[in-house]
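The values are calculated or read from the model by the stated rules, or taken from the named source; none is laboratory data. Just so it is clear, the model here is predicted, and its values are computed rather than measured. No Cβ is skipped: glycine too gets one built from the backbone with ideal geometry, and neighbour counts run over all protein chains shown.
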Amino acid sequence: MTRLTTVARGLITAVAALLAATASTATAQARTEPKAPKDFVALRSVDPTIIQEMRYFTSHNFVGEHIDGYVQPICVLTRPAAQALHKAQRKLLRQGYTLKVYDCYRPQRAVDHFVRWAKDLDDQAMKGEFYPNVDKTRLFADGYIAEKSGHSRGSTLDLTLVRLPAKPTRPYHPGEPLVPCFAPKDERFPDNSVDMGTGFDCFDTLSHTLDPRIQGEQRANRLLLKSTLEGLGFVNLAEEWWHYTYKPEPYPDTYFDFPVSRKSLTSHH
C-alpha cells in the first residue's frame, strides 16, 4: 500500500510539474511577443477617413498568400508619420480625393517571408500580374526584394489616391486570371484608385515615379500625390511611385518585429 501511495504521489508530482512547465512555456511565449513603442499608433485613431486596403493581410500580393506578421488588416505608423498623413488627407479631401494605404509598418518577419519566397524560384504563381517582365532570379540584384525594409522602422508607407466618392474595390479571388500590372487600367485588376500607370507593387521600371513613358493624367496623378506628401515631410522612393518615408524618422536605425495588430499597441494610453 505504501509503495503504491509513493508511486501515485510520484505520478501526481510529475504531472503537476509537467502542467506547470507547459503553463510557464505558454506564458513565456505570450510575454515574448514584442510590443510596439509608445509612439506607434493605429492610423485609424489619427485619421479614420483614410482608406485602408492592407494587401499583405490578403493573398492579393506578389507572394500570393497572407504574409507573416499581419494579424489584423490595420495600418500602424509612428505618430509623427500618422499626423503628417492626416494633414495630407485634409488637403486632398478639399480637392475631391482621399488617400488609400496598401501597407504601413511591416514587421521583420514579413520581410523574412518575402526573402524566403524570392529564393524559391519554383514559386511563380503571381508572376503574371506583379513581375511579368522580370526574371525571378533578378529580384535581389534589381532591388525589388531586400533583407531589410524601411517599412520595419515604422515611418514608411505605400499609398495611392482615390477619387471621391470612393467605390469599393472588389475582392481578389485566388486563382483568377492574372493581368500584367502595367496593362491599361480597365484591363488590370480593378483597383478603385486613380490611374497611376501601373498597379501597386508592380515590379517594373514603369513604376519609377518619374519614368518618362508615364505621361498625361497618369503623370499628373503621380505628381499630385508626390507634391502633397513632399510638402509635409515625406520623401518618395524614386523607383516606386507608391512608396514614401516621413522624415526625420523617429527610428532611423531600428527594424521592429512586433506583429501588425491592435494588441501590439495595447500597452498604450
Of the numbered conditions (1) surrounded by fewer than 20 Cβ atoms within 10 Å (Cβ to Cβ); (2) over 27 Å from A82 (Cα atoms); (3) of a type in the set (A, V, I, L, M, F, W, C), I145 fails exactly one; give the number of that condition. (2)
Report yes if some residue within the stretch 208-231 is within 26 Å of F140 (Cβ to Cβ), free of Cβ contacts under 8 Å to residues at least 60 places away in the same chain and small (G, A, S); otherwise report no. no
Could you please find all residues in the stretch 76-118 being of a type in the set (K, R) and farther than 26 Å from L224 by Cβ? R109, R116
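Yes or no, residue by residue, for (1) assigned to a loop (DSSP other than H, G, I, E, B); (2) buried (at least 19 other Cβ atoms within 10 Å of the Cβ):
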site	(1), (2)
L178	yes, no
T198	yes, yes
L206	no, no
K226	no, no
Can you tell me which residues in the stretch 130-141 are within 18 Å of H208 (Cα to Cα) and either touching a residue at least 40 places away in the same chain (Cβ under 8 Å) or not charged (D, E, K, R) (or both)? F130, Y131, P132, N133, V134, L139, F140, A141
Do we find a residue being at pLDDT 95 or above, touching an Asp or Glu at 6+ places or on another chain (Cβ under 9 Å) and among the charged types (D, E, K, R) anywhere in the stretch 22-45? no
Please state which one of F200, F234, F258 is of a type in the set (A, V, I, L, M, F, W, C), touching a residue at least 12 places away in the same chain (Cβ under 8 Å) and under 28 Å from R138 (Cβ atoms). F200
From L85, L77, L93, which residue is under 23 Å from W241 (Cβ atoms) and out of contact with any helix residue (DSSP H, G or I) (no Cβ under 9 Å at 6 or more places or on another chain)? L93
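Counting residues that are farther than 20 Å from Y172 by Cβ, which helices (runs of 4 or more DSSP H) fully inside the stretch 34-153 reach at least 1?
43-46, 79-94, 108-119
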What tally of residues in the stretch 154-170 results from selecting those that are assigned to a loop (DSSP other than H, G, I, E, B) and touching a residue at least 40 places away in the same chain (Cβ under 8 Å)? 5
Which condition number in (1) part of a helix (DSSP H, G or I); (2) over 14 Å from T160 (Cα atoms); (3) of a type outside the set (A, V, I, L, M, F, W, C) is the one that R222 fails? (2)
Selection count where residues are in contact with a strand residue (DSSP E or B) (Cβ under 8 Å, 6 or more places away or on another chain) and either closer than 9 Å to L43 by Cα or touching a residue at least 60 places away in the same chain (Cβ under 8 Å) (or both), scope the stretch 79-95: 8
